[in-house]
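Worksheet for the structure shown next.
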Amino acid sequence: MRKVVAVEFVSVDGVMESPEEWAYSYTNDEMEEANASGMAASDAMLLGRVTYEQMAAFWPLQPGGVPTVDYINSVPKHVVSTTLEEPLGWNNSTLIGDNVAEEIAGLKQQPGKDIAILGSGTLVRSLLQDDLLDELRLIIHPIVLGSGKRLFEDGGDRKALELVDSKTFSTGVLYLTYRPARREEGESG
């Protein structure tokens with residue numbers, strides 16, 4: 001079965017908004033290698049509407065021949081939205097508007113590699129609560145932003161996670177991989 005894997009750039013204080021304004025100054029060869037490894041492990045993307053619209057306005061305009069550009073523009077993109085009537089015409093985009101949990105569970109049953117989520121905080125929180133998120137990869141940057149949209153906002157339900165891998169890059173960036181903790185039978189909580 002395929003895994004749904006969220007990859008999120010966040011600040012130390014949990015802000016995920018506009019990483020293009022603060023995250024890339026921490027990029028180095030180690031991070032590029034980790035990014036390439038993640039792209040190689042997935043063959044589809046799952047995006048919320050806002051992230052999709054932002055990416056669709058940028059990536060199709062980038063010149064090809066660069067691995068990240070070629071991957072993002074060619075990979076199948078599944079857009080979760082109840083307000084879009086159809087995707088914006090970006091290559092290989094399909095809309096998931098109804099029965100989101102059922103549709104994503106169906107995608108996980110199809111043959112293939114991982115399904116990656118970039119950004120899309122609302123979608124990530126929803127999938128985590130619905131037990132449809134298999135991994136959460138937090139790329140924590142050594143910066144405090146003080147304000148902005150956070151990955152986990154107040155009011156969410158408690159969800160235990162298990163750390164399964166960690167890396168520290170020379171730039172001070174932490175790459176943490178979590179999986180939802182599985183409760184033992186009879187455990188409450």
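Assorted remarks:
- The stretch 158-169 residues that are over 15 Å from Asp134 (Cβ atoms), paired with ones that are part of a loop (DSSP other than H, G, I, E, B) (beta carbon under 9 Å, 6 or more apart): Arg158/Gly189; Lys167/Val173; Phe169/Asn28
Conditions (1) open to solvent by less than 90 Å² (accessible area, probe 1.4 Å); (2) within 14 Å of the chain's Cα centre (by Cα); (3) among the β-branched types (Val, Ile, Thr), marked per residue:
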| residue | (1), (2), (3) |
| --- | --- |
| Leu136 | yes, yes, no |
| Leu145 | yes, no, no |
| Lys149 | yes, no, no |
| Arg158 | no, no, no |
| Ser170 | no, no, no |
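- Filtered residues of the stretch 34-60 (kept if more than 19 Å from Asp134 (Cβ to Cβ), open to solvent by 40 Å² or more (accessible area, probe 1.4 Å) and among the aliphatic types (A, V, I, L, M)): Ala36, Val50, Ala57
- Close pairs (7 angstrom Cβ cut-off, 6 or more residues apart or separate chains): under 17 Å from Lys113 (Cα atoms) and among the basic types (Lys, Arg) in the stretch 75-94, open to solvent by 30 Å² or more (accessible area, probe 1.4 Å) and assigned to a loop (DSSP other than H, G, I, E, B) anywhere: Lys77/Asn92
- Residues located in the stretch 3-33, provided they are surrounded by 17 or more Cβ atoms within 10 Å (Cβ to Cβ) and of a type in the set (Val, Ile, Thr): Val4, Val5, Val7, Val10, Val15
- In the stretch 14-45, residue nearest to Leu118 (Cα to Cα) [restricted to those that are among the aromatic types (Phe, Trp, Tyr) and touching a residue at least 24 places away in the same chain (Cβ under 8 Å)]: Trp22
- Flag if Met31 is within 13 Å of the chain's Cα centre (by Cα), farther than 20 Å from Leu151 by Cα and either at pLDDT below 90 or not acidic (Asp, Glu) (or both): no
- When Ile96 is tested against (1) modelled with pLDDT of 95 or more; (2) surrounded by 13 or more Cβ atoms within 10 Å (Cβ to Cβ); (3) of a type in the set (A, V, I, L, M), just one condition goes unmet, and that condition is (1).
- Selection count where residues are within 14 Å of Lys3 (Cα to Cα), open to solvent by 30 Å² or more (accessible area, probe 1.4 Å) and among the small types (Gly, Ala, Ser), scope the stretch 107-133: 1
- Hits in the stretch 70-93 (condition: surrounded by 12 or more Cβ atoms within 10 Å (Cβ to Cβ) and either at positive phi or in contact with an Asp or Glu (Cβ under 6 Å, 6 or more places away or on another chain) (or both)): Asn92
- Output for the stretch 42-93, where each listed residue is more than 26 Å from Lys3 (Cβ to Cβ) and either among the small types (Gly, Ala, Ser) or modelled with pLDDT of 95 or more (or both): Ala57, Gly64, Gly65, Gly89
The values are calculated or read from the model by the stated rules, or taken from the named source; none is laboratory data. Note that the structure is a prediction, hence the values are computed from the model and not measured. Every residue, glycine among them, receives a Cβ derived from its backbone with ideal geometry; neighbour counts consider all protein chains shown. In case anyone asks, the SASA skips ligands and DNA or RNA and just uses the protein heavy atoms, side chains included. Shrake-Rupley method; radii C 1.70, N 1.55, O 1.52, S 1.80 Å.
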